[in-house]
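A quick write-up on the structure given underneath.
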Amino acid sequence: QVRNFPLLLQEALKNARAEVGNIRVIGRVRPITKEDGDGPEANNAVTFDSDDDAVIHLLHKGKPVSFELDKVFPPQSTQQDVFQEVQDLITSCIDGYNVCIFAYGQTGAGKTYTMEGTVENPGINQRALQLLFSEVQEKASDWEYAITVSVAEIYNEALRDLLAKEPQEKLEIKLCPDGSGQLYVPGLTEFRVQSVDDINKVFEFGHTNRTTEYTNLNEHSSRSHALVIITVRGTDYSTGLRTTGKLNLVDLAGSERVGKSGAEGNRLREAQYINKSLSALGDVISALRSRQGHVPFRNSKLTYLLQDSLSGDSKTLMLVQVSPVEKNTSETLCSLKFAERVRSVELGPGSRRTELMSWSSQEHLETGSVQTPSSTR
Ligand code: ADP
Ligand code: MG
C-alpha cells in the first residue's frame, strides 16, 4: 500500500497535466548566414520584444505583423538554451510519458540544425540520449532501464527503416493483436544503446543508409520526415512494476509551398505528399487541443505512426523554425500562422470548433507559385 503511494501521486499528476493540455509551440529564429547573400533580400525582417519572450514581429512586404507563441528563441540562442527548454519534456519519458518534438519550417530555416546539430554543436537528438543515459544511471539502484533507438524516414507516405542492415520492403503500421489499441511496426529495427559511443554509431549508420540511396541527400531530406524514436523501458527491482515511455524526435519535411503550376512529375507528387502530411499533423494537433472527439490520426502515415505518442497524456512540442531574412518572409508568415493556429486553439469544448473544422488540408498546396528555398539544405 505504502509503496504504491508515489505511483498514485504520479497518476494524479499525469491526469492533472493531461487536463491542462500538453501541447506547446515554440519558435526559433536562425541567425543570418553567408548563404543568405549580401543584397537587400538578406536584410533582417524579424524583431523581438525585450520584455516578452513569447512575441515575434515580422516585417512582411513593408507591413508589420506580430505573433504570440509560447516562447520564441532569437538568433543568438544556443543549442544549450533550446535544450534547457525541452529537458523536462525529455526526461518525462523515463516516467512513462510519450513525447513528440517536431521541427517545422521551410527548407533552410534551421530544422536539422536544431534536431541534429553539428559535431561541435549537437542538437536535441544527441543531447536527449545523453541526458536519458545519465538520468537512468542515477536511478540504477532501484530501477533497471533499457534504452532503444529506431531511426526511420517517411518519404511519399512510405515508411522506411534507416537502421535495417538489408534493404527491405516498406514498413506497415499495425494494430497490436492484443486488443490494447497500441500500434507497432513489424520489422522496424530497435537498437539497444548503452553508451554515447553507441548513439554516435546509430546516428552514423542511419545517416549512411539515407545517403547511399539518394544522390542528393539535401534535397531528399528536405522532402522527407526524419524520425528518431527512443524507447525507455524501466522495471522497478522491488515491485516488478514496468514503465514504457517513448520520445519521438521529428525533423519534418520542408513546409515551403509548391504551386500546382510550377511543379510536375515527381516534384509535384512529393509536394502533394508533404502538404498532405503537414496539414494532417496540424489537423491532429488542433483536434487534440480543442478536445474534439474525433482526431483524424489516419490521414497520414506520420500521425498514424505517432498516434500513441500524440494522444492521451502525451506531450507535444512544436518547434517552429524561422528564417530572419526578407526574401523568406512569405514562408515565414506561413510558418508563424501555422504555429499560431496550432497553439491558439481553446481548450475544452468551445465555440471555435467550427472554425477549426474548416482548417482544411488545402492550405499548403493552393497558394502561390513555386518558392525557391533560400538554401538547398
Ligand atoms: P533545414 O533543416 O530547416 O533545411 P538547416 O538546419 O539545414 O535547415 O539550416 C540551414 C543552414 O543554417 C545550415 O547551414 C545551418 O547550419 C544554419 N543554421 C540553422 N540554424 C542555425 C543556428 N541556430 N545557428 C547557426 N547556424 C544555423
Ligand atoms: Mg534539414
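Tabulated data
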{"quantity": "Ratio Rg/Rh, restricted to the stretch 130-213 and using Cα atoms, in which Rh is the Kirkwood radius", "calculated": "1.04"}
{"quantity": "Long-range Cα-Cα pairs in the stretch 248-298 (distance over 13 Å), rounded percent", "calculated": "63 percent"}
{"quantity": "Long-range amide H partners of Thr107 with built H, under 5 Å", "calculated": "Ser255, Glu256"}
{"quantity": "FRET efficiency, Tyr214 to Gln130 (Cβ-Cβ, R0 35 Å, nearest 0.05)", "calculated": "0.75"}
{"quantity": "Cα coordinate range in the stretch 272-314, projected on the principal axes (Å, largest first)", "calculated": "30, 18, 13"}
{"quantity": "For Tyr113, Tyr237, Tyr184, order by how many other beta-carbon atoms lie within 10 Å, fewest first", "calculated": "Tyr237, Tyr184, Tyr113"}
{"quantity": "Size-normalised alpha-carbon gyration radius of the stretch 24-118, reference 2.2 N^0.38 Å", "calculated": "1.22"}
{"quantity": "Packing-based order for 146-158, 74-86, 272-284, using average beta carbon neighbours within 10 Å, highest first", "calculated": "272-284, 146-158, 74-86"}
{"quantity": "When each of Lys170/Lys301; Lys71/Lys111; Lys139/Lys165; Lys61/Lys337 is checked by Cα-Cα distance, pairs over 22 Å", "calculated": "Lys139/Lys165"}
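Read the figures in this text as sums done on the coordinates, not as results from a lab. Everything numeric here is computed off the predicted structure, so don't read it as measured data. Note that we place each Cβ from the backbone using ideal geometry, even for glycine, and neighbour counts take in every protein chain shown.
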